[in-house]
Amino acid sequence: MSDASTADGFPAIPFTALPGLVSADGVYLVTAGGQRILDAGGQACVSNIGYGRADVADVAAKALLSLTHALPPVQTPQRIRLVQRLTEAWLPPELHRIHFVNSGSEAVDAAIRLARQHHLASGRPGKWKVIGREASYHGVTIGALGVSGHTQRRRGLEPLLSTVPLAPACYPLRCRHCASTRRCSLQCAEGLEALIEREGADSIAAFIAEPIVGTSGGALVPPDDYWPRVQEICRRHQVLLIVDEVITGFGRTGRKFAFQHWDLKPDMVLVAKGFTGGYAALAALITTQRVIGPLLASNQSIMFHTFGGHPAACAVADKVLEILEREALVERAAQLGVYLANKLSRLRAHPQVAEVRGRGLLWAVEIVRNKTTLEQFPETAGVTLDIIRAGVERGVLFYFGGTGEHRDVICIAPAFVITTEEIDRLVEVLEQSIDAVVANAMRPL
Ligand SMILES: Cc1ncc(COP(=O)(O)O)c(C=O)c1O
């Protein structure tokens, strides 16, 4: 056996943004070399209650000892308790049918399958297409990537992926319809309706999108009219509305769920990441009786993954949600979000910062070569990764955003237990890291 501090074969493709990690506590990660790094991105927008909580580890150990594994559709005390907490304290009453899986991608795949199964069982066999949006990411399984507008992650895999066209993103800074006026004309929402009509409404099963786009667009918050209009379009065409809350769920944007910033009644809600705050692998597809009813009536089921809703993962999620409630961390995310927004606002004057945007504790800074024309740095310049590396050198880890086509978006999504002093430091290091990298990248080739 080789030395435990290095492993030649892992990862299969070298990862150079971050050194190996050995431990974590609160909002800090500790590297193999002993460096303490302030985790400003919750690694990948995962950590919401912070790292190293013994009470979470204790419930996992207890569950593993008492019931190692149980087939996913079987009721266990851990699953029952979690479903009770979700339905009593977190979800609107109509969203009470829950299917557990292991990852966000699996939740998206399950939603695609369920949309199809729902329409089939409802006597609408022509409806099977699921529409995603440009500049989006819903996961890496073939189904989830097929509804994602992440050009870089799709590259080369296109023959394997869904060919249903994508609807326009709601990306005001770069909108082809209204960027020059900076007032949304809702052409992006109308673009969804035009697409539904072009493809034939009787072929469209569902529309999937993040209420506030996480890392692919980089904390894109739509104008207030956008979601009500989209919901109305979906309802009129009997298109199920699937909201992907994998990043935004459980308080990240200062509300329990991001769809609650508007008067939305989604047909399916998908959660992962902050569901367990990184303490275990758990995700879920949450839906309504209206969606499930036709399946029940026709004796259909939703196929599970072997480890879906693992008892230990459910016990962990239950404890993580209890901590969020007990420590009022969703409210804290909303309050600290205002503080972070104020601190970040000074970056708006930076000549290479096109936009600073976000809500709650989900923020993004978009870097450009030319602020007037929004010309980007070439993809090959690797500006995002260089800024992340510069941050790590200074003791702060940010998360990378963008899709290749839309790029150089630095994401900020710390745990909700971060302090104002740590936010001050994070913003200072972000500014230094941007300066250090763009000065170099601006040099003529
Ligand atoms: C919005 C969104 N949906 C789905 C996923 C896929 O989740 P997972 O990586 O757990 O499969 C991600 C992952 O980053 C995501 O950001």
Rounded to whole Å and ordered largest first, report the semi-axes of the equivalent ellipsoid of the range 240-338 derived from its Cα gyration tensor (root of 5λ). 26, 19, 10
Distance in Å, no decimals, from the C-alpha centre of the range 162-226 to the one of the range 325-369 is 23
Fraction of alpha-carbon pairs over 25 Å apart in the range 1-108 - percent: 46
Cα-projected label distance for Trp262 with Asp58, points at 7 Å along beta-carbon direction, nm: 4.3
Checking the table Lys265/Lys343; Lys256/Lys343; Lys343/Lys371; Lys127/Lys265; Lys265/Lys319 against a 31 Å threshold on Cα-Cα, which pairs fail? Lys265/Lys343
Rounded D (µm²/s) - the range 163-230, Kirkwood Rh over Cα pairs, Stokes-Einstein at 20 °C, 1.002 mPa s: 168
Compute the length gained on full extension between Ala439 and Glu405: take 0.36 nm times their separation in residues and subtract their Cα-Cα distance, giving the result in nm to one decimal. 10.0 nm
Relative contact order (percent) for the range 1-120, with alpha-carbon contacts under 8 angstrom and 6 or more residues of separation? 11
Highest average packing first - 356-365, 198-207, 120-129, 52-61, Cβ atoms within 10 Å: 356-365, 198-207, 120-129, 52-61
16 Å cut-off, amide nitrogen to a point 7 angstrom out along Ser180 Cα→Cβ, residues in the range 208-236: none
On full extension of the chain, what length is gained from Thr420 through Asn342, given 0.36 nm per residue of separation minus the C-alpha to C-alpha distance? 26.9 nm
Could you calculate, for the range 55-326, the ratio of the Cα radius of gyration to the Kirkwood radius, expressed as Rg to Rh? 0.97
In whole Å, how far is the Cα centre of the range 253-289 from that of the range 113-149? 18
Would you please give the residues with an amide H less than 5 Å from that of Val213, counting only those at least 5 places away or on a separate chain, with H modeled from the backbone geometry? Leu220
Using θ = phi - 60° and the Karplus curve 6.51 cos²θ - 1.76 cosθ + 1.60, what whole-Hz ³J(HN,Hα) does each residue of the range 256-265 get, with Gly and Pro shown as x? 3, 10, 5, 5, 7, 5, 10, 8, 10, 10
Note on the range 55-326: contact order normalised by length, alpha-carbon pairs under 8 Å, 6 or more apart, percent, works out to 30
Charge sum, other residues only, whose C-beta stays under 13 Å from Glu431's C-beta, Lys/Arg counted +1 and Asp/Glu -1: +2
With +1 on each Lys and Arg Cβ and -1 on each Asp and Glu Cβ, how big is the dipole of the chain about its Cα centre, in debye rounded to the nearest 20? 700
Out of every Cα-Cα pair in the range 304-445, what percent are more than 21 Å apart? 50
Could you state the number of Å between the C-alpha centres of the range 69-96 and the range 371-445? 39
Just going by the charge dipole of the chain, with Lys and Arg at +1 and Asp and Glu at -1 on Cβ, which of Ser203, Val59, Leu361 is farthest out on the positive end? Ser203
Tally the DSSP beta bridges in the chain and give the antiparallel ones as a percent, rounded to 5. 70
Once fully extended, how much extra length lies between Arg290 and Arg198, figured as 0.36 nm per residue of separation less the alpha-carbon to alpha-carbon distance? 30.4 nm
Please list, ordered by chain and number, the residues whose modelled amide H lies under 5 Å from the amide H of Phe377; skip anything fewer than 5 residues away on the same chain. Arg369
List the residues of the range 240-266 whose backbone N lies under 11 Å from a point placed 7 Å from the Cα of Asp224 along the Cα-to-Cβ direction. 262-263
Amide H to amide H under 5 Å from Val101: which residues, 5+ apart in sequence or cross-chain, H placed 1.01 Å off N in plane? Ala283, Ala284, Leu285, Gly309
Scoring only Lys, Arg, Asp and Glu (+1, +1, -1, -1) among other residues with Cβ under 9 Å from the Cβ of Gly251 yields +3
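Readers should treat all values here as calculations from the given coordinates under stated rules, not as data from a laboratory. Nothing here was measured: the structure is a model prediction, and the numbers come from that model. In this analysis, Cβ positions are derived from the backbone assuming ideal geometry, glycine residues included, and neighbour counts consider all displayed protein chains.
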